[in-house]
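No value in this document is a laboratory result; all are computed from the given coordinates. It should be emphasised that the depicted structure is a prediction, and the values quoted were computed from it without experimental measurement. Glycine also receives a Cβ, built like all others from the backbone with ideal geometry; neighbour counts cover every protein chain displayed.
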Amino acid sequence: MRISVIGCGYLGAVHAASMAELGHDVVGIDVDRKKVDALSEARTPFYEPGFQELLSRALASGRLRFSTDVADVAGAQLHFLCVGTPQKRGEYAADLRHVEDATESLIGVLGAGELVVGKSTVPVGTAARLAQLVADKVPGALLAWNPEFLREGFAVQDTLHPDRLVYGLPPGEDGDRARALLDEVYAPIVDRGTPQVVTDYATAEMVKTAANSFLATKISFINAMAELCEATGADVKLLADAIGYDDRIGRKFLNAGLGFGGGCLPKDIRAFMARAGELGADQALTFLREVDNINMRRRIRMVELAREVCDGSLLGKRVAVLGVAFKPDSDDIRDSPALNVAAQLQLQGAVVRVTDPAAIGNSRREWPQLDYADTAEEAAERADAVLVLTEWKQYRDLDPVAFGEVVARKRVLDGRNALDRDAWTAAGWAYRALGRRAG
Ligand code: UDX
């Protein structure tokens, strides 16, 4: 099938290359010339495991190209909208500017019988509004909403092997036509027996925000338990293991620590609250405000803990921060808890040296005043305290004995409950973590 993908960020670029991998003829459109040039030359504008190989393969097959000109979508039957919906400045609501712009420009070149497929995370009600716009301007063209659930670090896997397909469709025959086109584009995934949820626009839009709200709530739940563990001397990691054996609860997303960040969870729960307010249903989501509060408190607590281990003052203390991406296997620093803590430590007078296997470039652009090092050893040289804030494998695998040689004081703060406490304490380190007793 000939298809287009509008917006080539994390979501769109991976989606475009994945669709070419499935055998489609794909054009990816983005307004950012630099991004289009990079992608066209098989240079990945962001770090995502497996994406480089996928992109190179798709370009070599001749089935994938990129352009800044939306007119190049001509001839495509199906158009995926993959643009970002960031948080509005100074407000909780989502900024829909890119979705509006992309739809407007697409409408200018759209033909009857073609299908627009929204993948971006949008406030409930957006799809119905855009569908009306499309129907008014291009009779015979249709719109479907097909939310994406990909996780950074697993974007390729999640796109090619999603755990479900959700289609938000118009009613009646239009819905049948849209479904047939979606089933065709996802044929290998559908044929594998991937569960499908076929529904209306509002449900499809809400599935995405509800899923992210649930995940955020689960993380904040365990982090609230961590606060109580700190007050009682209980151990949050063992608590999570124990409750996680109950398969109604499950162990996934119960890792206590610095909490959630990134380009999705924080802004999605806020946009959801804002939308509920507009709909007069704000009471239903007031708990998400608490979820957000618990999450933000963890960052403050981490800075306090760092001050505690630095004998009550951060002034002039050398602090090494290992990990600055919002999660491992990503170079994304959007709303990164790790970067937030590193910046606060610096603002409070510590001499902060930061390292990360992938995110230093992005972080340096955002916070040039931090000191950056290429390796954990370099960052930790003569440090008074070491903070592990993103659980990259190379930090989890550090040898505490050898690593102890480079620091001034063997004090480690495990912001993600990712280190082997016994091994670190056996090597003479004072070990502190959120929700666990000092070791
Ligand atoms: C999330 C959703 O998982 C995905 O389905 C959606 O499409 C986009 O948003 P992502 O932002 O890539 O994906 O990251 P995710 O793996 O969900 O992690 C989000 C944050 O929660 C990270 O900062 C991570 O460190 C934190 N987290 C995750 C915890 O603090 N504890 C956990 O147990 C799990």
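The figures follow:
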item	result
Centre separation in Å (Cα based) which lies between the range 211-262 and the range 383-403	22
L106, L143, L305 arranged by Cβ crowding within 10 Å, fewest neighbours leading	L305, L106, L143
Square roots of 5 times each gyration tensor eigenvalue, C-alpha, the chain, largest first, Å	42, 24, 19
Kirkwood Rh and Cα Rg combined as Rg/Rh, the range 267-395	1.07
For the range 298-371 versus the range 80-126, the gap between their alpha-carbon centres in whole angstrom	34
Interchain or long-range residues, amide H under 5 Å from F80's placed H	S4, V5, I6, V117
On Cα atoms only, tilt of 201-232 relative to the major axis of the chain in degrees	10
Charge dipole (the chain, unit charges on Cβ, about Cα centre) - positive-most of Y431, S313, G125	S313
Cα-centre dipole for the range 294-368 with unit charges at Cβ (Lys and Arg positive, Asp and Glu negative), debye to 20	160
Estimated [θ] at 222 nm from DSSP helical runs (n ≥ 4, -39500 (n - 2.57)) normalised by residues in the chain, nearest 500	-13500 deg cm²/dmol
Taking the range 215-433 and dividing mean pair separation by its residue count, relative contact order in percent (alpha carbons under 8 Å, at least six apart)	18
From phi via Karplus (6.51, -1.76, 1.60), per-residue ³J(HN,Hα) for the range 129-140 in Hz, x at Gly/Pro	5, 5, 4, 5, 4, 4, 4, 5, 8, 10, x, x
Between helix 172-185 and the chain: long-axis angle, C-alpha atoms, 0 to 90°, nearest 10	60
Antiparallel bridge percentage (DSSP; both residues within the chain; nearest 5)	5
Cα-derived Rg to Rh of the range 2-198, Kirkwood definition	0.94
Built amide H within the under 5 Å cut-off of V321, gap 5+	R353, V354, T355, L387
Distance (nanometres) between label positions extended 7 Å along Cα→Cβ at D176 and T68	4.5
Listed residues E377, E48, E405, most fluctuating in the chain (Gaussian network, C-alpha, under 10 Å)	E405
Gyration tensor (alpha-carbon) shape descriptor, the range 4-101, a/c threshold 1.5	prolate
P(r) weight above 31 Å for the range 215-433, C-alpha pairs, percent	20
Helix 97-107 vs. the chain, principal-axis angle (Cα, 0 to 90°, nearest 10)	20
The range 107-216, relative contact order [Cα under 8 Å, separation at least 6], %	31
Förster radius 35 Å - calculated FRET efficiency between R33 and Q196, Cβ distance, rounded to 0.05	0.40
Relative contact order of the chain, pairs being alpha-carbon contacts under 8 Å that are 6 or more residues apart, as %	12
Spin-label model distance (nm) - D183 vs T425, 7 Å beyond Cα toward Cβ	5.9
